[in-house]
Amino acid sequence: MFVRSLLTLFLCAISVGTCQAQGLFAYDGANNDLYSVTSTPDATFIGEDFDSGVVAEIEAVFGLIYANDTATGTNLHVISRTSGEVLNTIDLNLPAGGNVITAMEHANGTMYGGFTTAGQGGGSALTTIDLTTGDVQLVGGFSGINSALGGLAWDGQTMYGISSGGANASLYSFDLATGVETFLTTINDSSGGTIGLTALEFGSDGELYALANAASPIAGHLLSIDIDTGIYTDLGSTGTTPTLNSLTSIPEPASGMLALAAISSFCLRRRRCR
């Protein structure tokens, strides 16, 4: 986890400066409300837009927030991070085999999406989304995950995803070249009890966060997840009504050189960075 946190710090430094403590933003897809969220957890209302439809997932790219409209399926809204208003809408050109994007994550300059057929409990596929043309392309074929993806998360090395169907959320990793998934673990509490999840995102602190889904007894609670064991920690309710259903992370610009200096200092002490 320390190495992952160090990598996250480095990525923040070279992109938009050092990161705030967590940098999470969340969305209430029913009311189209945008919030900032801390791991306390504490949700602060930012703004809303009543022109967008039901949003299942949000993802930040260069300070803008992209929100896929699952009511329409082909609308990808661009949302202001400061007001929550829709600034633009991209028309998606979806491939055959599905009708909606349920998860998104930006990695290595590319927006990736989890693609499925809404309401039919079908399988999911990893796709790429062109934010200029709206073209959505399959990365390989459909996976062996027989439910929608509730979220995708990138730590700078690995793309992770969670299944969102039912009460037994599973964690996967994805090969970005082939789209092939690898099952890692079932998300569980310390006694082995499973849970239904929606949303998945690494915070600026390097922790992996998720939200309990609407069918869970702790719906809307913010959770942190141990990737190695699959064990989640319930951080508590965000206090919003209705509950939040999607997460993204936006590092805050400050002094990137301080972060780089911290990494350099670590390397000099440990003599392990190359």
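The values are calculated or read from the model by the stated rules, or taken from the named source; none is laboratory data. In this text the structure is predicted, and so the values were computed from the model without any measurement. Counting neighbours? That spans all protein chains shown, and the Cβs are built from the backbone with ideal geometry, glycine included. Each accessible area value is taken on the protein alone, full model and side chains, heavy atoms only, with ligands, DNA and RNA left out. Shrake-Rupley method; radii C 1.70, N 1.55, O 1.52, S 1.80 Å.
For the reader, a short list of remarks on this structure follows.
- Look at (1) within 21 Å of residue 209 (Cβ to Cβ); (2) surrounded by 18 or more Cβ atoms within 10 Å (Cβ to Cβ); (3) not acidic (Asp, Glu) and you find that residue 61 fails only one, number (2).
- Sole exception among (1) among the small types (Gly, Ala, Ser); (2) open to solvent by 30 Å² or more (accessible area, probe 1.4 Å); (3) closer than 22 Å to residue 97 by Cα for residue 150, by number: (2)
- Scanning the stretch 98-126 for residues that are within 13 Å of residue 74 (Cβ to Cβ) and either of a type in the set (Lys, Arg) or open to solvent by less than 30 Å² (accessible area, probe 1.4 Å) (or both) turns up 98, 100, 101, 113, 115.
Let's see how each residue does on (1) aliphatic (A, V, I, L, M); (2) farther than 21 Å from residue 204 by Cα; (3) at pLDDT below 95; (4) not in a strand (DSSP E or B):
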| site | (1), (2), (3), (4) |
| --- | --- |
| 18 | no, no, yes, yes |
| 21 | yes, no, yes, yes |
| 37 | yes, no, yes, no |
| 43 | yes, no, yes, no |
| 71 | yes, yes, yes, yes |
| 81 | no, no, yes, yes |
| 96 | yes, yes, yes, yes |
| 102 | no, yes, yes, no |
| 105 | no, no, no, no |
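- The condition (being of a type in the set (A, V, I, L, M, F, W, C), touching a Ser or Thr at 6+ places or on another chain (Cβ under 8 Å) and at pLDDT below 90) is satisfied by just one residue among 244, 211, 184, 235: 244.
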